[in-house]
């Protein structure tokens, strides 16, 4: 099935995979399932882990989707009997269920659990060598230019990240690109070597489900704290916290649902920088008339910028304000 991807085969054998299917430990499998039921407020089913034992041989996004679907199907009669939705609206209800009804702290906890499934060392070393070769050979203007940021994630298909079926930065590297862009705000030169090392670091600690789900936002926050930065992190649209970020943070890493009414539109993470004319979003897939990727126009407030990360009605999951060298670290839940 994955004949051309030796690193995937190596990953399978490293974790005792059978016939190309990943098997998580019973303990981790049950933790994920309990978190799913708890976050969806389906407490009558919280102690029933049989669904997890049948379904949590996961290695890509569609299998996670199956897991959510099975939970939804299991609870559908309960939802219908309770009169929460009409039958004809069931599809849209399920698509909006996670963004609207699953709490952001729960969502981040699931990411933390998925990040416990590490990318094998041999895969990380191979990716590092190949990424160094590719990145140094790319004549992109943002290398070594502090005022120029990465905007073109969709052109990063040759840059490896993780050991999942997609295993590239174009598919799931938005958190790493956001971290790279944020560091440039504070004077980091932003070289090709820095990017190769940053990918390697997050493959070692933070890649969610072998990198298939990107990088855990908690790992991004820890990276900046380890490197001496002060952060202000929030998981809700709190005016007081956002005002504090506005005042103190020249760079903010923001993770959102692209569409608050449809989980199938997925999740995206960007860096927002505070400029003289307002807040500018980087790597939000903005194309100019010449077909080149550019930053957004300036927005008056941070929340206005958050609302324009996608072309749909985006919804905040978390914001990590980066305030410079560390004085204190505050997390607001």
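The values are calculated or read from the model by the stated rules, or taken from the named source; none is laboratory data. Since the structure is predicted, the reported quantities are computational estimates derived from the model, not experimental observations. Cβ coordinates were reconstructed from backbone atoms using ideal geometry, including for glycine residues, and neighbour counts include every protein chain displayed.
Where helices (runs of 4 or more DSSP H) fall entirely within the stretch 120-185, those with at least 1 residues that are farther than 23 Å from residue 257 by Cβ are at 121-136, 174-185. If only residues of the stretch 115-147 that are within 23 Å of the chain's Cα centre (by Cα) and modelled with pLDDT under 90 are counted, the one that is surrounded by the fewest Cβ atoms within 10 Å (Cβ to Cβ) is 116.
Does the stretch 207-215 include one or more residues that are modelled with pLDDT of 95 or more and either out of contact with any helix residue (DSSP H, G or I) (no Cβ under 7 Å at 6 or more places or on another chain) or crowded, with 23+ Cβ neighbours inside 10 Å (or both)? Looking through the stretch 207-215, at least one residue is modelled with pLDDT of 95 or more and either out of contact with any helix residue (DSSP H, G or I) (no Cβ under 7 Å at 6 or more places or on another chain) or crowded, with 23+ Cβ neighbours inside 10 Å (or both).
The combined condition, being touching a residue at least 12 places away in the same chain (Cβ under 8 Å), within 15 Å of residue 233 (Cα to Cα) and surrounded by 21 or more Cβ atoms within 10 Å (Cβ to Cβ), is not fulfilled by residue 281. Could you look through the stretch 93-104, keep only residues that are surrounded by 14 or more Cβ atoms within 10 Å (Cβ to Cβ) and not in a loop (DSSP other than H, G, I, E, B), and pick out the one that is modelled with the highest pLDDT? The qualifying residue modelled with the highest pLDDT is 104. Looking at this structure, is residue 179 crowded, with 24+ Cβ neighbours inside 10 Å and modelled with pLDDT of 95 or more? Yes, satisfied.
A single entry from 273, 289 fulfils the requirement of being free of Cβ contacts under 8 Å to residues at least 24 places away in the same chain and farther than 25 Å from residue 166 by Cα: 289.
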